[in-house]
1. List every residue pair whose Cβ atoms sit under 7 Å apart, with the two residues 6 or more apart in sequence or on different chains, where the first one lies in segment 188-207 and is hydroxyl-bearing (Ser, Thr, Tyr) and the second, anywhere, is in a strand (DSSP E or B).
2. Could you run through segment 97-114 and say how many residues are outside any loop (DSSP other than H, G, I, E, B) and touching a residue at least 60 places away in the same chain (Cβ under 8 Å)?
3. Suppose the filter is in contact with a Gly (Cβ under 6 Å, 6 or more places away or on another chain) and more than 20 Å from Gly68 (Cα to Cα); does Ala169 pass it?
4. Please find, within segment 228-263, the residue that is farthest from Gly188 (Cα to Cα) out of those that are charged (D, E, K, R) and under 14 Å from the mean Cα position of the chain (by Cα).
5. Given segment 154-268, what helices (runs of 4 or more DSSP H) lie entirely inside it while holding 2 or more residues that are more than 21 Å from Arg36 (Cα to Cα), at pLDDT below 95 and open to solvent by 10 Å² or more (accessible area, probe 1.4 Å)?
6. Please determine, by comparing only the residues of segment 45-89 that are touching a Lys or Arg at 6+ places or on another chain (Cβ under 7 Å) and open to solvent by less than 20 Å² (accessible area, probe 1.4 Å), which one is modelled with the lowest pLDDT.
Amino acid sequence: MSDTQGSADGRKPVFAAERRQRILELVRANGAVSLRELAQSVQSSEVTVRRDVRALESAGLLNRHHGGASLPGELSREPTYVQKAQVASAEKAAIADLAASLVEDGDAIVIGPGTTTQALAQRLTKHTELAVVTNSLLVAQALAGSPRIEVVLTGGTLRGSIHAVVGSAAEHSLAGLRVRRAFISGNGLTAERGLSTPNVQVASIDRALAAAAEEVVVLADHTKIGTDTMVQTVPAEQIDHLVTEDAAPREELDELSGRGVRLHIARL
């Protein structure tokens, strides 16, 4: 029997070779794509797409991982700030709007690096008596003009690609701190492994940021959910809140909720 996938609307069936070529093009264009997004794009079931991804992995054309697929080497590739800023900008704005409601006047919080966390910082400028600890130059810059917000910038070694400082000095500057909430992002989030990032140094400072807080809040748009990268940052069981948007894969969100993560879903 030939491997084909038809559709309920009477479309001409798509043969496996054509479908797999489409999948490969999508992964090449986006770097990493969830199974749900691939299935929607080629109008096939996730079961069929999972089989296609397995075949493409066997051919050495992509890497298969929990919840999705990526290019070979993609798990360890760290996108630059400029690259990340071009992805899901409307979704990140909606997430930042919702995340800002979790911050109150008088709070002491930690904000990690990232384009979504930068957008959050831009929405906090009217707060008063707020203390913000960050290793992100962009977060610090967003808050620099707010006289009633105290910004504590960690020391460390500048990682120019993400406009943030990392390393042992940055981690040591967080030791002994205790804040209400840490707002952090990452490059991937799954129920199985939690938050992850491609870089060991970035993962290490993100863990230190999370450890300084009573509650961990992860900001992640749909392109990150169901995606896995090389280094685990925070296990799902240690994530208290996830702020995302309504395009995020429902199955993965349900699994995260089952592990105790409280979901906050922005509507675009």
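1. Correct list of pairs: Ser196/Gly188; Ser196/Val231; Ser196/Gln232; Ser196/Thr233; Thr197/Val231; Thr197/Thr233.
2. Here is the first cut: in segment 97-114, the ones outside any loop (DSSP other than H, G, I, E, B) are 97-100, 108-111.
Okay, now just the ones that are also touching a residue at least 60 places away in the same chain (Cβ under 8 Å), so 97-99, 108-111.
Of the residues in that region, 7 qualify.
3. yes
4. Glu245
5. Values: elements: 168-174, 200-211, 250-258.
In segment 154-268, 168-174, 200-211 are the helices (runs of 4 or more DSSP H) which contain 2 or more residues that are more than 21 Å from Arg36 (Cα to Cα), at pLDDT below 95 and open to solvent by 10 Å² or more (accessible area, probe 1.4 Å).
6. Of everything passing the filter in segment 45-89, Leu56 is modelled with the lowest pLDDT.
The values are calculated or read from the model by the stated rules, or taken from the named source; none is laboratory data. Computed from a prediction, not measured in an experiment: that's the story for all the values here. Every residue, glycine as well, gets a Cβ built from its backbone with ideal geometry; the counts of neighbours run over all protein chains shown. Ligands, DNA and RNA are stripped out before the accessible areas are found, and what is left, the full protein with its side chains, is counted by its heavy atoms. Shrake-Rupley method; radii C 1.70, N 1.55, O 1.52, S 1.80 Å.
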